[in-house]
Amino acid sequence: MVNILKKFKPEKKELIHILHSVQEAQGYISPEAISEISKYLNTSEGEVYGVLTFYNAFTLEPKGKHTITVCMGTACHVRGAASVLDEFSRRLNILPGRTTEDKYFTLETVNCVGACALGPIAITDGHYHGHVSTRDVKKIIDDVSKEEGKKKKE
């Protein structure tokens, strides 16, 4: 953590840059990191926390190895995105915004991914799946797991 902070001047204007660097290095922003950052910048932990919770680019919990994101924008929503999200949640046994106990999957939602004609959309590790129905959810999860198995063998 100290190595990350040394890269930046101890000025409040550096807060977002510091947070991005910490998250890139650790995968999330821990309570310990919030404390260290606030001391380094001579600001309150509340101010750091406020920035963290304002921007959804930051996470306060470790994410899983694989991220599944379901678009909940209007076009996706009217085409059944809520049911798709519910099916992912049921199959992974987690609520949106959470990570499975084994830290393998994180389930997230976004307001719009800008590919409305393909809705509902699910994104797995940056790979877009268009026109997703509840019947597709199991295959999407299985495909991520199978791909992981291929990588282990290589």
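The numbers here are math on the coordinates, done by the rules we state, and not lab data. For clarity, every value in this text was computed on a predicted model and none was experimentally measured. We place every Cβ from the backbone using ideal geometry, glycine too, and count neighbours over all the protein chains shown.
Along the stretch 84-98, what does the Karplus equation 6.51 cos²θ - 1.76 cosθ + 1.60 (θ = phi - 60°) give for ³J(HN,Hα), rounded to whole Hz, x for Gly and Pro?
Per-residue couplings from phi come out as 4, 4, 4, 5, 4, 4, 5, 5, 8, 6, 9, 8, x, x, 10 Hz.
What does the net charge come to around Gln26 if you take all other residues with beta carbon closer than 11 Å to its beta carbon, with K and R at +1 and D and E at -1?
Values: positive: Lys63; negative: Glu24, Glu32.
Local charge sum for Gln26: -1.
Using only alpha carbon pairs under 8 Å that are at least six residues apart, calculate the relative contact order of the chain and give it in whole percent. Could the numbers behind the result be given before it?
Numbers: 211 pairs, mean separation 29.8, N = 154.
RCO, the chain: 19 percent.
Give me Glu24, Glu14 sorted ascending by neighbouring Cβ count inside 10 Å, so fewest comes first. Let's see the in-between values first.
Working: Glu24 9, Glu14 17.
Going from least to most buried by this count: Glu24, Glu14.
Using θ = phi - 60° and the Karplus curve 6.51 cos²θ - 1.76 cosθ + 1.60, what whole-Hz ³J(HN,Hα) does each residue of the stretch 9-26 get, with Gly and Pro shown as x?
5, x, 10, 4, 5, 8, 3, 5, 5, 5, 4, 4, 5, 5, 5, 4, 6, 9
Once phi is turned into θ = phi - 60°, what whole-Hz ³J(HN,Hα) does the Karplus curve with 6.51, -1.76 and 1.60 give for every residue of the stretch 41-55, x standing for Gly and Pro?
Per residue, the Karplus-derived 3J(HN,Hα) values read 8, 6, 9, 7, 5, x, 5, 5, 4, x, 5, 4, 7, 6, 9 Hz.
Given only helices, namely DSSP H runs of n ≥ 4 each adding -39500 (n - 2.57), what is the per-residue ellipticity at 222 nm of the chain, to the nearest 500 deg cm²/dmol? Walk me through the numbers before you get to the answer.
Details: 7 runs with 75 residues, N = 154.
It comes out at -14500 deg cm²/dmol, rounded to the nearest 500.
If you average the C-alpha positions of the stretch 7-24 and of the stretch 36-104 separately, how far apart do those two centres end up, in angstrom?
21
Sequence neighbours fewer than 8 away in the same chain don't count; with that in mind, list the aspartates and glutamates whose C-alpha is under 20 Å from Lys146.
Correct list for Lys146: Glu87, Glu101, Asp102, Asp125, Asp136, Glu154.
Past 19 Å, Cα to Cα, is the threshold; run Lys12/Lys39; Lys6/Lys65; Lys13/Lys39; Lys63/Lys139; Lys7/Lys65 against it and keep the listed order. Provide the component values of the computation, followed by the final result.
Working: Lys12/Lys39 11 Å; Lys6/Lys65 28 Å; Lys13/Lys39 14 Å; Lys63/Lys139 22 Å; Lys7/Lys65 27 Å.
The answer is Lys6/Lys65; Lys63/Lys139; Lys7/Lys65.
How much net charge surrounds Lys7 when only other residues with a Cβ under 13 Å from its Cβ are counted (Lys, Arg +1; Asp, Glu -1)? Don't skip to the end; give the middle numbers.
Working: positive: Lys6, Lys9; negative: Glu11, Glu14, Glu24.
Net of charged neighbours comes to -1.
So, counting K/R as plus one and D/E as minus one, what does the shell of residues with Cβ under 13 Å around Pro120 add up to? Don't skip to the answer; put the middle values down first.
Numbers: positive: Arg79, Arg135; negative: Asp86, Glu87, Asp136.
Its environment carries a net charge of -1.
Kindly point out, ordered by number, any Cys in the chain whose beta-carbon has no other cysteine beta-carbon under 4.7 Å away.
Lacking a cysteine Cβ partner under 4.7 Å: Cys112, Cys116.
Using the per-residue mean of other Cβ atoms lying within 10 Å as a proxy for protection, in what order, highest first, do the peptides 45-58, 95-108, 62-75 fall?
Working: 45-58: 13.9, 95-108: 15.9, 62-75: 19.0.
Result, highest mean first: 62-75, 95-108, 45-58.
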